[in-house]
Amino acid sequence: MPNKLQTYVQLAGETAANLTRSLENWTNFLTTASRLYKFPFPDQLLIHAQNPQSTAVACFDTWTKKMHRYVRRGAKGIALIEIRNGQPPRIRYVFDVASTGRKKDSCSLYLWQYREEYRDAVTTALENHFGISCNNGFPEQLEDISIKLATDYWNDYSREIMYEVGGSMLDGLDELNVSVKFRDIAGTSIAYALLARCDLHPEKHFRIEDFQNLCDFNTTKLIQILGNVVSQSSSQVLKQIAVAIFDYERDKAQGNQNSVTSHSK
């Protein structure tokens, strides 16, 4: 009988193997991953396998000591595999916010949501950071940034990607064709995750044909590479969006405070 570590290693492997077998499996994962953009792909994978509805995840100490919340009695933790340099892998547990409760001194939990009033602040921040404008609309800006990031990833890791195509549906293709297929599916997947996190209905923005290269990435190594590019790239963009929204709300609150102060004089 496998021990707990082996059980979760097997769960991660089985979940990963199924990700690119269907469009539904892949887009469901992208939606989960978009909410957990601060986590790396291996953690996103295991969270998706155990609790795909997770929205905010942290360890017990973070919830209880930093956030001053309590973890509900009997709540089931989400197992992640932690690998540290020079040490054997071990399991650590995290909990979704739904498994916690507030106390009188609980800290506020900041889970941003994109709204149309943020559009100018967000699109300007993205243009400043990535050099891509919003001339054709916010969803199109996200898609253009996604294509750029997928291309950048290919340029940085093309040798490693080409090394792993053996035994996959990409086996036998030259570097140019692998490049086209990789940048296409990676760019589309990154954009899907971004639109999902911003509640911009990615299922209406993309067609089945946009994911036609998905099944070509059908080996463990290629799925890991695809998961990594989506995780790392979407994280870059979503962190910029989060900061832009936070700054907007801070400035708005400061403006309201100044208005109240001036009227009270």
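The values are calculated or read from the model by the stated rules, or taken from the named source; none is laboratory data. Quantities reported herein were computed from a predicted structural model and do not represent experimental measurements. Here the Cβ positions follow ideal geometry from the backbone for every residue, glycine too, while neighbour counts run over all protein chains shown. Surface accessibility is based on the protein's heavy atoms, side chains included, excluding ligands, DNA and RNA. Shrake-Rupley method; radii C 1.70, N 1.55, O 1.52, S 1.80 Å.
Structure summary
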{"read-out": "Cut-off 14 Å between beta-carbons: net charge of the residues surrounding Arg35, Lys and Arg +1, Asp and Glu -1", "value": "0"}
{"read-out": "Heavy-atom accessible area per residue - the chain, 1.4 Å, Å²", "value": "56"}
{"read-out": "Extended-chain gain in nm, criterion 0.36 nm per residue less alpha-carbon gap, Gln6 and Phe60", "value": "17.2 nm"}
{"read-out": "Positive minus negative residues near Ala56 (Lys, Arg vs Asp, Glu; Cβ under 11 Å)", "value": "+2"}
{"read-out": "Residues listed by number, the stretch 201-243, amide nitrogen under 17 Å from Val180 label point at 7 Å toward C-beta", "value": "209-217"}
{"read-out": "Distance violations [Cα-Cα > 29 Å] among Lys104/Lys252; Lys38/Lys252; Lys65/Lys239; Lys76/Lys104; Lys204/Lys239; Lys76/Lys148", "value": "Lys76/Lys148"}
{"read-out": "Per-selection Kirkwood Rh - the stretch 35-148 (Cα, Å, 1 d.p.)", "value": "16.9"}
{"read-out": "Mean separation of Cα contacts under 8 Å, 6 or more apart, over the residue count of the chain: relative contact order %", "value": "23"}
{"read-out": "Loop-located trypsin sites (Lys or Arg not before Pro) in the stretch 140-236, at most 16 other Cβ atoms within 10 Å (DSSP)", "value": "Arg207"}
{"read-out": "Cleavage-rule hits, trypsin sites (Lys or Arg not before Pro), the stretch 1-61, DSSP coil, Cβ neighbours within 10 Å at most 16", "value": "Arg21, Lys38"}
{"read-out": "Structure-based [θ]222 nm, the chain - -39500 (n - 2.57) summed over DSSP H runs of at least 4, per residue, nearest 500", "value": "-19000 deg cm²/dmol"}
{"read-out": "Solvent-accessible area, 1.4 Å probe, carbon plus sulfur percent, for the chain", "value": "49"}
